[in-house]
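Colleague: One structure, as structure tokens, below. Some questions next.
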Amino acid sequence: MKKCEVSIMKRKKSAKLKLPVRNENKRSRGVSQWNIAWRRFRRNKAALVGALIVGFIIFLAAFDALIAPFPPNATPGFYTGEARIPPSLKYLFGTDYIGHDVFSQVVYGARAALFVGFGSAAIAMSLALLVGIISGYYGGFIDNILMRITEVFLVIPFLLILLVFLKVITTIAPSGVGGLSTVMIMIGLFSWASNARIIRGEVLRVKESEFIEASKALGASKRRIMFRHIFPNVLHIIIVLTTLMIATAILVEAAVSFLGFGDPAAITWGQQLQKANEAVKEAWWEGVFPGLFITLLVLGFSLLGNGLRDALDPRLRE
Amino acid sequence: MKLMERKLMTPKEILKIENLKTYFDTWAGIVKAVDGVSLEVREGETLGLVGESGSGKSVTALSILRIVPRPGKILDGRIIYRGENLLEKTEDDLQKIRGKEIGYIFQDPATSLNPVFSIADQLTEVIRHHQNVTKKEALEKAIELLKLVEIADPEIKIWNFPHQLSGGMKQRIAVARALSCQPSLLLADEPTTNLDVTIQAQILKLMRSLKEKLGMSMILITHDMGVVAGVADRITVLYAGRVCETADTKTIFYRPRHPYTIALLTAVPSLALRKEKLTVIPGSIPNLIEPPTGCRFHPRCEYAEAACAKKIPPLVEIEHGHYVACIRWSEIDVESPLGAKANE
Amino acid sequence: MLRYVIRRIIYLIPLFFGVLIIVFVASRIAGDPVRLMTVMNPRITDAARQNLAAYYGLDKPLYYQFIIFLSQLFQGNLGNAYAIRGGTAVTTLIGDYAWLTFELQLAALFLSLLIAIPIGVISAEKQYSKLDVSMTTTSLVGTCIPIFYMGIIAIIIFSYFLGWFPHGGAHSILPENYPFGSYELDGLWHMVLPTAILTFATLAPVVLLVRSSMLEVLRQDYILAARASGLSERSVVYKHALKNTLIPVVTYVGLYFGAMLAGAPVTETVFNWPGVGRLFVEAVKHLDFPVIMGITVFITIMTLVANLITDITYGYIDPRIRVE
């Protein structure tokens with residue numbers, strides 16, 4: 001008789017995790033949705049790495065003045081003839097064509113990245129929520145109209161329109177108006193469409209589920225249903241979408257600045273890459289480091305977003 | 001267990017499972033879904049495999065075909081089909097047995113048919129895989145199959161896609177697919193659970209008539225005692241991955257000896273009994289990662305005593321063909337919950 | 001099926017007009033074009049401004065302008081460039097540059113699907129294996145790297161450091177530099193780096209999508225049923241599972257193509273590739289509205305066509321959609 005191997009017994013984690021319903025007497029311990037989600041999140045190594053990265057960048061942004069050896073936009077290398085030198089002990093990431101310390105500039109860029117990321121995501125998600133929930137919940141004519149509008153926004157070539165708007169605004173407005181804020185708002189205004197559709201889908205899914213029927217049968221008012229039942233269930237997807245939206249916004253800002261349509265006065269990684277593009281042949285460090293940080297931050301939010309999605313998905317079986 | 005080995009080996013046996021253990025290695029721990037199940041099916045008979053959800057019935061059936069999905073693994077035991085141990089066969093050999101010798105009907109017809117292929121495609125594919133026939137011949141066979149399962153206008157319906165058909169029709173097609181290559185053994189995993197009550201009756205009637213017509217053996221898995229009553233010749237009752245009791249249908253219904261079997265029978269609402277309150281088995285299904293020690297039913301059993309938690313009760317043959325896994329079987333009240341109908 | 005296709009086409013028409021309206025209104029509202037055009041020229045007089053306005057028909061009410069715009073559009077006339085390229089007809093400009101953009105985008109799309117789908121399928125089949133983990137990680141990181149950064153790194157390594165490929169442009173300026181003296185080979189040689197980068201950027205999310213879609217499909221009952229019928233593993237995965245897996249992938253690629261086109265400005269700027277993307281950036285910098293509108297209209301049409309093709313393919317794969 002051939003016995004199949006019992007090698008699966010060697011799994012490390014099996015014994016340590018406590019299941020909520022371990023035996024009937026202990027069933028009273030709280031097993032709310034959030035508890036389970038938190039536990040699942042903690043197990044997910046990639047998500048933790050993501051959270052760590054994001055935390056690190058936030059730390060950089062918060063203490064940028066303390067961490068960066070030189071003040072923002074300072075050009076220490078200019079006067080001492082140390083412009084465009086490769087990384088060294090004094091200038092960790094080297095200096096650029098005009099003598100900026102690349103390391104300091106990169107540290108200062110963190111703040112802008114986070115600002116645009118969070119800001120755009122906030123605007124885009126608010127719009128997406130509004131459209132998505134109203135459309136999904138009321139259905140019918142309102143749904144139709146809103147969805148048509150959403151589709152138009154989906155078809156519009158995003159980047160192209162963005163560039164046009166930015167150029168126009170920066171040209172006609174007196175200099176210094178908004179700047180980075182403008183970029184942030186514009187990105188937000190054009191990014192809501194695909195998330196609106198997703199949210200609407202979730203609302204529809206929740207709406208059809210049976211417990212809403214039960215709630216109606218018990219006589220709850222429409223508004224009550226919307227807030228107490230639909231919203232919490234849509235919450236999990238909102239969290240995930242927001243995190244991923246932040247990642248996208250950072251990439252867009254970088255692209256826009258790289259092309260030269262960003263705010264020249266602001267210190268952003270995209271701007272640094274734009275200047276670096278001309279110098280790529282002689283000074284690779286000018287572009288490599290800011291780009292690395294963009295990748296890092298986007299990766300952080302991506303991992304975080306995916307981790308949150310895995311942790312919060314109510315349909316995922318253990 | 002030893003008693004079974006000695007007495008059995010009847011030539012009429014088509015399938016014999018000995019001490020099957022199938023475990024699932026999950027993040028939360030090792031789920032012992034099937035933990036020492038033994039049963040047998042004789043040629044031409046229908047074995048009812050009964051138990052609550054989580055009792056291991058489906059996993060047992062999937063183990064027979066060795067298609068238990070990851071992270072499940074068969075760890076121990078023998079599955080003897082027509083004298084050969086399926087657990088020792090290669091994947092190539094198994095593919096010749098699946099669908100051809102042993103057919104499988106899944107529980108939910110809405111998900112067991114591939115939504116992007118037509119019925120014709122799905123049926124002819126199986127036929128042509130196992131039999132050397134042309135496309136035209138396979139199509140004709142498929143249409144014959146649809147007639148066999150009593151679908152109207154089979155020549156038209158065969159080109160439909162699953163989403164265009166009703167639940168009852170889908171399940172008939174699933175039956176047709178399972179029977180397409182004339183298997184000797186049919187594994188029906190809760191074939192009627194997801195259907196309306198009236199359709200349930202139709203499908204059961206269909207399966208009964210097909211069984212007679214084709215002389216198949218069948219394992220009918222269900223949690224519904226009412227379903228097995230009309231269709232099964234013998235019944236095996238499963239609880240938490242282990243066998244509680246095995247006997248022919250009449251014996252199970254009228255002379256049950258295992259407390260769980262009795263509880264199941266009592267819990268069935270019956271017009272004849274006219275009870276005021278629905279009886280419920282106290283407690284809930286055990287955690288299969290950390291199951292109760294000894295007899296797995298003991299926490300919910302009204303006959304439980306100290307010894308029940310210490311040792312796994314052996315499956316003992318108390319009379320010819322009637323096996324019970326309970327140390328107190330002899331003390332259990334013999335009168336069936338079905339009361340006066342005992343002698344019918 | 002044909003009915004479905006026609007329905008989709010009819011559906012797209014109002015969408016097209018919707019986009020046109022928005023873009024048109026936006027570009028006009030964004031600021032008085034005359035003022036924008038002349039903002040570089042402080043000595044311009046009001047009379048001259050008015051003349052300019054009359055010349056371009058900008059002094060008429062908005063809806064009137066739009067109608068003119070539409071009528072000209074249907075005659076295939078997109079106007080002439082204001083400020084760049086000496087005022088050539090926009091259609092000519094687009095005609096000259098569009099093919100280069102398509103060359104790049106289509107090659108990248110094709111290659112990325114060719115590579116990504118098998119990788120995604122195998123990763124799903126061998127979940128958690130070394131192959132799966134490495135492919136998934138690489139793809140995940142790939143979705144986070146900005147394209148222009150990838151381009152810059154590629155140029156640094158393969159062009160400046162290793163000297164294998166040119167660092168930009170579609171052709172060498174001097175014919176002496178053509179590899180083996182061939183113009184075509186020179187074109188291909190210049191295409192390698194930008195295509196490789198664009199391919200990688202495109203395939204990363206597709207690998208992840210195919211993998212997760214496949215994993216989802218493999219969990220379904222009908223896959224288990226196919227196994228229970230004795231079908232070979234290869235048949236189960238490549239016939240039964242694959243078709244279902246590709247459904248969300250088709251949707252994604254359709255949407256993505258529009259995004260890819262819209263992202264052309266970035267890629268083309270990094271590699272100095274002479275396509276409509278780079279042209280667009282130039283036009284915006286000079287606020288050359290006919291060109292801006294022209295390219296936008298063009299790309300929108302392409303996006304809608306891509307959507308249509310996606311819808312048709314989708315209807316072909318998934319029979320549930322056809323009967324609505």
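Colleague: With +1 on each Lys and Arg Cβ and -1 on each Asp and Glu Cβ, how big is the dipole of the stretch C:164-233 about its Cα centre, in debye rounded to the nearest 20? Don't jump to the answer; show the numbers that get you there.
Modeller: On the way: 3 positive and 6 negative charges, 70 e Å.
So the dipole magnitude of the stretch C:164-233 works out to roughly 340 debye.
Colleague: Averaging sequence separations of C-alpha pairs under 8 Å and six or more residues apart, then dividing by the length of chain B, give the relative contact order as a whole percent. All intermediate terms of the calculation are to be shown ahead of the outcome.
Modeller: Working: 614 pairs, mean separation 69.0, N = 344.
Value for chain B: 20 percent.
Colleague: Suppose a student asked you for the relative contact order of the stretch B:40-143, using Cα pairs under 8 Å spaced at least 6 residues apart; what percent would you report? Mind showing how you got there, number by number?
Modeller: Working: 41 pairs, mean separation 14.6, N = 104.
Reported relative contact order: 14 percent.
Colleague: Give me a single rounded figure for C:112-120: the average over its residues of other chain Cβ atoms within 10 Å of their Cβ. Before the final figure, lay out each step's value.
Modeller: Details: counts 0, 0, 0, 0, 0, 0, 0, 0, 0.
Counting other chains' Cβ atoms within 10 Å and averaging over C:112-120 gives 0.
Colleague: Of B:LYS57/B:LYS205; B:LYS100/B:LYS170; B:LYS141/B:LYS211; B:LYS73/B:LYS141; B:LYS12/B:LYS250; B:LYS157/B:LYS205, which ones are farther than 30 Å apart at the Cα? Each step should come with its number before you reach the end.
Modeller: Working: B:LYS57/B:LYS205 22 Å; B:LYS100/B:LYS170 21 Å; B:LYS141/B:LYS211 19 Å; B:LYS73/B:LYS141 36 Å; B:LYS12/B:LYS250 21 Å; B:LYS157/B:LYS205 22 Å.
Those over the limit are B:LYS73/B:LYS141.
Colleague: Order of B:CYS181, B:CYS308, B:CYS295 from fewest to most other C-beta atoms within 10 Å? If you can, show how the numbers build up before the last one.
Modeller: Working: B:CYS181 19, B:CYS308 23, B:CYS295 27.
Exposure proxy ranking, most exposed first: B:CYS181, B:CYS308, B:CYS295.
Colleague: When the chain is fully extended, how far beyond the present Cα-Cα distance does B:GLN164 get from B:GLU317, taking 0.36 nm per residue of separation?
Modeller: On the way: separation 153, 0.36 × 153 = 55.08 nm, distance 5.00 nm.
Going from the current span to full extension adds 50.1 nm.
Colleague: What net charge do the residues around A:PHE78 carry, taking every other residue with its C-beta under 15 Å from that of A:PHE78, with Lys and Arg at +1 and Asp and Glu at -1? It would help to have the intermediate numbers written out before the result.
Modeller: Working: positive: A:ARG84, A:LYS90, A:LYS275; negative: A:GLU82, A:ASP96, A:ASP101, A:GLU286.
Summing Lys/Arg as +1 and Asp/Glu as -1 gives -1.
Colleague: Turning to a different aspect of this structure: Per-residue Cβ counts within 10 Å, from other chains only, averaged over C:228-239: what number is that? Don't skip to the answer; put the middle values down first.
Modeller: Numbers: counts 17, 18, 17, 7, 4, 2, 0, 3, 0, 0, 0, 4.
Partner Cβ neighbours, averaged per residue: 6.
Colleague: Give the average over all directions of the projected area of the C-alpha convex hull of the stretch A:51-156, one decimal, in nm².
Modeller: Values: hull surface 40.0 nm².
Value for the stretch A:51-156: 10.0 nm².
Colleague: Given H placed 1.01 Å from N in the peptide plane, which residues other than close sequence neighbours of A:LEU92 have an amide H under 5 Å from its amide H?
Modeller: A:PHE103
Colleague: Among A:LYS281, C:LYS243, rank each residue by its count of other Cβ atoms within 10 Å, from fewest to most, as a rough exposure measure. Don't jump to the answer; show the numbers that get you there.
Modeller: On the way: A:LYS281 11, C:LYS243 16.
With the fewest neighbours first, A:LYS281, C:LYS243 line up as A:LYS281, C:LYS243.
Colleague: Fewest Cβ neighbours within 10 Å first, please rank B:GLU317, A:GLU208, B:GLU245, B:GLU190 accordingly. Please list the in-between numbers first.
Modeller: Numbers: B:GLU317 15, A:GLU208 9, B:GLU245 28, B:GLU190 22.
Neighbour counts put them in this order, fewest first: A:GLU208, B:GLU317, B:GLU190, B:GLU245.
Colleague: Counting pairs of alpha carbon atoms under 8 Å apart in space and at least six apart in sequence, what relative contact order in percent does the stretch C:189-324 give?
Modeller: Details: 87 pairs, mean separation 30.9, N = 136.
Across the stretch C:189-324, relative contact order equals 23 percent.
Colleague: Assuming a ≥ b ≥ c are the square roots of the Cα gyration tensor eigenvalues, decide whether the stretch C:183-309 counts as rounded (a/c under 1.5), prolate (otherwise, with a/b larger than b/c) or oblate.
Modeller: Details: a/c = 3.75, a/b = 2.29, b/c = 1.64.
In terms of gyration-tensor shape, prolate.
Colleague: Amide H to amide H under 5 Å from B:VAL34: which residues, 5+ apart in sequence or cross-chain, H placed 1.01 Å off N in plane?
Modeller: Here B:THR22 satisfy the definition.
Colleague: Still on this structure, please answer the following. How do the peptides A:294-304, C:63-73, B:223-233 rank, highest first, by the average count of neighbouring beta carbon atoms within 10 Å per residue? Each step should come with its number before you reach the end.
Modeller: On the way: A:294-304: 24.2, C:63-73: 13.7, B:223-233: 17.6.
Result, highest mean Cβ count within 10 Å first: A:294-304, B:223-233, C:63-73.
Colleague: Same structure again: Can you work out the FRET efficiency for the pair C:TYR238 and C:LEU185, with r the C-beta to C-beta distance and R0 = 45 Å, to the nearest 0.05? Intermediate results must be reported in sequence, preceding the final value.
Modeller: Working: r = 37 Å, r/R0 = 0.82.
Using R0 = 45 Å, I get an efficiency of 0.75.
Taken together, the values in this text are just the output of simple stated rules run on the coordinates, not laboratory data. It should be emphasised that the depicted structure is a prediction, and the values quoted were computed from it without experimental measurement. Cβ sites come from the backbone with ideal geometry, for glycine too, and all protein chains shown count toward neighbours.
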